[in-house]
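Here, each number is a calculation from the coordinates, and none is a lab measurement. Every value quoted in this text rests on a predicted model; they were computed, and no experiment measured them. Cβ placement follows ideal geometry from the backbone for every residue including glycine, while neighbour counts extend to all protein chains displayed.
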Amino acid sequence: PGASNILIKEIKLDVVDRDGNPLQAANVIAALKVTRESDNFMFAQKAGVPGDSEVVLNFIQDAVLAPKDPVVFVIWADIAQSIQQSAFQVKLDSKSNIVAIDEDSKQAVDIRLLDANGENSPIVSEKTVILQKELAKNFYNHPNPFGTPDKPVTFFKYSLDKDSDVLLRIYTLFGELVWEKRFSATDPQGRATSGLKSISWNGVNGAGMRVLNGIYLAVLTTNTGTVTTKVAVMR
């Protein structure tokens, strides 16, 4: 539509878990708002998000995009008090998630979502990880299952409230030790710095052989106790 301004009237956000599966938005988010980065002007606000995974944000005032004059928007989220997930993401999954019109013709504008290389790609936030005081609520692995060519390695995530020796062991469901890795309290995996720690496993046993498909038990031991989670290997 030539050099006309574009008016953004609405965006639709999808809330997903760490594996990209839809989440009920109300289980993780209490409120959302959209602001302009340059002056913090608020275009949309929503308190009391719905129970499904899609959240519609109607702009209180149209956001005007002038030709060759980029605007950066910031999406803010208030975390639900009784959050039921340890990690989630917010994304604009397709061009239909943005409702925009040409200012002069009032016709709908076709929106393209592109990455830094100009390729079609959804816009996805960084994973928001909710840290709990209890180690058991912070211990998980991702991706799960893993073992396929596109997911050859899984990463065990956990948090520490103080420096600790760390031992990760992988067992079969029959209790046979498959693989283990130790870290001292001075290693990065044992330091109580901010954020989550990470230990990777590529699905091989202590002899360097690939394990069979199936469910395994991961046991993490620190100075504060022992926690477990199940991990699936699928090739």
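Placing +1 on each Lys and Arg Cβ and -1 on each Asp and Glu Cβ, with no other charges, gives the chain a dipole about its Cα centre of roughly 860 debye. Build a GNM of the chain with springs between Cα atoms under 10 Å apart, and of GLY48, GLY203, GLY118 the one that fluctuates most is GLY118.
Here region 6-129 is treated with +1 on each Lys and Arg Cβ and -1 on each Asp and Glu Cβ, and its dipole about the Cα centre works out to around 180 debye. Once the C-beta distance of ARG235 and LYS181 is scaled by a Förster radius of 25 Å, the resulting FRET efficiency is 0.70 to the nearest 0.05. Run down the aspartates and glutamates and flag those whose C-alpha is under 20 Å from the C-alpha of LYS12, throwing out any fewer than 8 positions away in its chain. Counting by Cα, and skipping residues close in sequence, LYS12 has these aspartates and glutamates nearby: GLU37, ASP52, GLU54, ASP62, ASP78, ASP93, ASP102, ASP110, ASP115, GLU126.
The loop-placed chymotrypsin sites (Phe, Trp or Tyr not before Pro) in region 143-215, going by DSSP, that have at most 10 neighbouring Cβ atoms within 10 Å of their Cβ come out as PHE174.
Calculated FRET efficiency, THR148 and ASN40, Cβ-Cβ r, R0 35 Å, to nearest 0.05? Using R0 = 35 Å, I get an efficiency of 0.20.
When the Gaussian network model of the chain links Cα atoms closer than 10 Å, the mean-square fluctuations of VAL56, VAL211, VAL71 top out at VAL71. Projecting the Cα atoms of ALA47, TYR140, ALA87 onto the dipole axis of the chain, where Lys and Arg carry +1 and Asp and Glu carry -1 at the beta carbon, places TYR140 farthest toward the positive end. Net charge dipole, region 135-233: roughly 140 debye, given to the nearest 20, about the Cα centre with Cβ charges of +1 for Lys and Arg and -1 for Asp and Glu. Applying the Karplus relation 6.51 cos²θ - 1.76 cosθ + 1.60 with θ = phi - 60° to region 67-74 yields 3J(HN,Hα) values of x, 6, 10, x, 10, 9, 9, 10 Hz, where x marks Gly and Pro. Over all pairs of different C-alpha atoms, region 6-129 has a mean inverse distance whose reciprocal, the Kirkwood radius, equals 15.3 Å. Give the shape of region 175-235 as rounded, prolate or oblate, defined through the alpha-carbon gyration tensor: a ≥ b ≥ c are the square roots of its eigenvalues, a/c under 1.5 means rounded, and otherwise the shape is prolate if a/b is larger than b/c and oblate if not. Here region 175-235 falls in the prolate category. Percent of Cα pairs in the chain per distance bin of 5 Å, from zero to the largest separation: 1, 6, 11, 13, 14, 13, 11, 9, 8, 6, 4, 2, 1, 0, 0.
Here the Kirkwood formula, the inverse mean of 1/r across different C-alpha pairs, assigns region 135-233 a hydrodynamic radius of 13.6 Å.
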